[in-house]
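Taking it in order: structure first as structure tokens, then the write-up.
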Amino acid sequence: MAWSELKSVPNEYNDVIKAIDENILKLLMERKGISNGRRFFPPNEIVSAWAVEFDLDIPQINGLIHSLTESSTITLPNGPGKLINVLPIMKKSAIDGFEYEITHSMQHENGSIVFIEINQLNEDENTGHVRPKLLLDVNGEQEYSVHGKGAHGGGGHTQLSFMVIPRLPDGIEELKFRLIPYAHPMEARPKEIILDKEVSFE
């Protein structure tokens with residue numbers, strides 16, 4: 001297909017989907033009016049019950065509710081700005097055979113980039129591909145907006161990074177950090193293509 005050719009995108013929008021979309025929009029506006037900028041997030045017990053009732057993963061439910069509770073979306077058109085200093089955090093926790101460590105924060109003018117290391121405790125185990133569905137949550141006197149910035153790793157090791165706005169204070173004693181299950185609510189697993197045929201080169 002040439003660059004100048006435009007391929008039409010199939011669109012099967014109909015009255016049934018339209019009615020559902022209108023109900024979603026009405027409920028969104030109703031929730032926005034009630035919350036009035038305040039953060040409303042259901043407790044774990046309610047999210048777990050919804051996961052069973054609606055046959056959804058907990059990270060997907062959290063991802064959807066998290067998107068509804070953000071009072072404002074903060075954007076940094078010019079990036080986080082100049083690097084000011086590096087703030088050691090060094091907080092650890094272990095659960096289900098993995099150790100989680102918030103190592104440090106790169107303190108920029110307009111925000112912080114927080115780094116988290118995840119390591120499998122039993123290195124002899126072959127876990128396969130580790131795919132964290134997690135979001136950093138920061139609680140303090142000030143409200144923080146957190147967005148995933150990147151993830152990479154292999155084997156039993158993964159590194160996550162998150163953009164936190166505004167910048168974390170240099171004194172973090174009063175801050176509470178946690179990782180919460182999080183995934184895009186409409187996320188679908190990518191199609192897996194297995195290449196398992198013999199290939200000969202002439």
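The values are calculated or read from the model by the stated rules, or taken from the named source; none is laboratory data. The shown structure was predicted, so the numbers you read here are calculated from the model rather than taken from an experiment. Methodologically, a virtual Cβ is constructed for each residue, glycine included, from the backbone with ideal geometry; neighbour enumeration extends over all protein chains shown. The accessibility values were calculated without ligands, DNA or RNA, using every heavy atom of the protein model including side chains. Shrake-Rupley method; radii C 1.70, N 1.55, O 1.52, S 1.80 Å.
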Which peptide among 129-140, 149-160 comes first, and what is the full order, when sorted by highest mean count of other Cβ atoms within 10 Å? 129-140, 149-160
Largest-first ordering by accessible area, 1.4 Å probe, given options Arg167, Arg31: Arg167, Arg31
Could you report the accessible area of Met90 in Å², rounded to 10, computed with a 1.4 Å probe on the protein chains as they sit in the structure? 120
At the level of C-alpha centres, the distance separating segment 140-187 and segment 80-106, in angstrom, is 9
If you rank His108, His184 by how much accessible surface each has, with a 1.4 Å probe, what is the order from largest down? His184, His108
